[in-house]
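Q: The structure's right below; bear with me while I get my questions together.
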Amino acid sequence: MAYQEVNEECVASGNDYYFEELNDWTYYDAVGTPHPTNASVSNYSSTPCQGGNYPPASATAVATDGSGYTIVARVDSSGVPYTPTVYARSGTTINPPIMENGGPESPGYGPGTVTDPNGNEITFSVPDYDPFTVTTTDTLGTTALTLLAPTPAPGSPTTLTYTDFAGSSATVTVYYSTYTVRTNFGCSGITEFGPTSESLVSEIELADGTKYSFTYEATPGYSGDVTGRIASVTLPTGGEIAYSYSGGSNGITCADGSTATLTRTTPD
């Protein structure tokens, strides 16, 4: 979790008082993808200055990227942030470490937890910021997964290390390609996404050297752009699964954003 800290000043009874304002809280998921919000909190109410138009000590905000994450941010009377809480659409609760202005900040930077809807909990730690390293530990205290990604470098390969059935260390590497992502669904009253430059997964290389490859749906009316929806997956065996979208408004149901018609085909 990252935020931007600003030192603010107010005047009361002829004296200057300073307080901290923590803005633009952003949740970084397990592979380093940012999910920004407009959340702002401050310890303004703990100063003698009252009645100003400044953020409260706690705030709840939904990520602006449509991911469905809800972030609860809080700050104490000294301006130190509490460990935030993130809720996923699935019902999973996440208590992530904190990074101030893109760098480590204490408290909160270090162990975090993820609790699924059934109450199962895993613990993760972030001992290094660059490269961005996340170590995940299961309920038995065993290291289940280590993620390594250069940060901040969107589009750089991400390496995940795990223990295979033989007890040896194995890796999976995720590669990205840069696309211009733009939608053109044509739903009345709904703003289209993009065009923006985005890093989308292009390949996933497995421990044995085989890989999955991905392509994305072309944006209607904009040559070279993609909508971000999957067009095909090539399997390690060489087989391919292709997806096409039709019906509705360029393949989408405007009422709720769902796919109107999805057709899945394979060569065999």
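The values are calculated or read from the model by the stated rules, or taken from the named source; none is laboratory data. Note that this is a predicted model, so its numbers are computed, not measured. Cβ sites come from the backbone with ideal geometry, for glycine too, and all protein chains shown count toward neighbours. These accessible areas exclude ligands, DNA and RNA; they are computed on the full protein's heavy atoms, side chains included. Shrake-Rupley method; radii C 1.70, N 1.55, O 1.52, S 1.80 Å.
Q: Can you give me the ranges of the strands (runs of 3 or more DSSP E) entirely in the range 1-93 with at least 1 residues that are over 30 Å from residue 159 (Cβ atoms) and modelled with pLDDT under 80?
A: Because the criterion is at least 1 residues that are over 30 Å from residue 159 (Cβ atoms) and modelled with pLDDT under 80, the strands (runs of 3 or more DSSP E) in the range 1-93 that meet it are 2-12, 15-28.
Q: Let me ask something additional. Cβ-Cβ under 6 Å, sequence separation 6+ or interchain: first residue in the range 154-168 and open to solvent by less than 60 Å² (accessible area, probe 1.4 Å), partner assigned to a loop (DSSP other than H, G, I, E, B). Which pairs?
A: Partner pairs satisfying both residue conditions: 156/150; 158/31.
Q: Among the residues of the range 221-239, write down those that are surrounded by 15 or more Cβ atoms within 10 Å (Cβ to Cβ) and of a type outside the set (Lys, Arg).
A: Correct list: 222, 225, 226, 227, 228, 230, 231, 232, 233, 234.
Q: Among the residues of the range 180-191, are any open to solvent by 40 Å² or more (accessible area, probe 1.4 Å) and assigned to a strand (DSSP E or B)?
A: Yes, the conditions are met somewhere in the range 180-191.
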